[in-house]
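Student: Okay, here's the structure, questions in a sec.
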Amino acid sequence: MMEWLHDIETSASFWTSLNAFFGAVLGASFYVLVKTQPYLATRSYDPKYNASYISRFFTGVIGGLILSIALGPFISGKLGTQLDQSLSPGVIALLGGFSARAVELILQRLVEVLMAAVRGDGSEDAKARLAAASAAKDNAVKKSLDAVIDAHLNGAPPAKVKALLDSLRDEVSQPTKF
């Protein structure tokens, strides 16, 4: 009855992918069971959340496959190439299936890095804004200092000179806004 199975030649990548798939299913299943167990134990399970658990299961399976197939070679390469130092695709998929949120965060971070590479990091724009803000502050301080000097040279009352000096001090102590 199963003779046809022996006649099929399959590649190693098929078995690796199958291993990853079942690892992801196992990880996602374990996550859902761990999350539902307290509700089942206290007999407070509400079937209206079934869709949420099913959705989380499929998210876990997809996350496990993504982690195993797309990021697995990178992860295994960082751990080492010897047999006792690497993780199989099934184990990596199991981890991804259990922690789909972590896979989402990894992918989000990769997207941010890619966007920064395409757009640039914005440092030139920030430098230009800082230079403009610094020049504006320098100009404002210069005007305040000129007002103090003019008031002193024109014989302004000491109270007015003090008020202008206080204004200058406030201008200098303000952080540069850009």
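Student: Collect the residues in the range 16-38 that are out of contact with any Gly (no Cβ under 6 Å at 6 or more places or on another chain) and either among the polar types (S, T, N, Q) or modelled with pLDDT under 90 (or both), keeping them in residue-number order.
Tutor: Correct list: Thr16, Ser17, Leu18, Ser29, Thr36, Gln37.
Student: Just wondering, is there one or more residues in the range 20-34 that are assigned to a loop (DSSP other than H, G, I, E, B) and of a type in the set (Val, Ile, Thr)?
Tutor: Start the filter on the range 20-34 by keeping residues that are assigned to a loop (DSSP other than H, G, I, E, B), which leaves none.
No, that holds for no residue.
Student: Please note which helices (runs of 4 or more DSSP H) are completely contained in the range 59-178 and include at least 2 residues that are surrounded by 12 or more Cβ atoms within 10 Å (Cβ to Cβ) and not assigned by TED's automatic domain parsing to the domain that holds Val25.
Tutor: Numbers: elements: 72-79, 89-98, 100-119, 123-153, 158-173.
Counting at least 2 such residues, we get 123-153, 158-173.
The values are calculated or read from the model by the stated rules, or taken from the named source; none is laboratory data. Since the structure is predicted, the reported quantities are computational estimates derived from the model, not experimental observations. Positions of Cβ are backbone-derived with ideal geometry, glycine not excepted, and every protein chain shown enters the neighbour counts.
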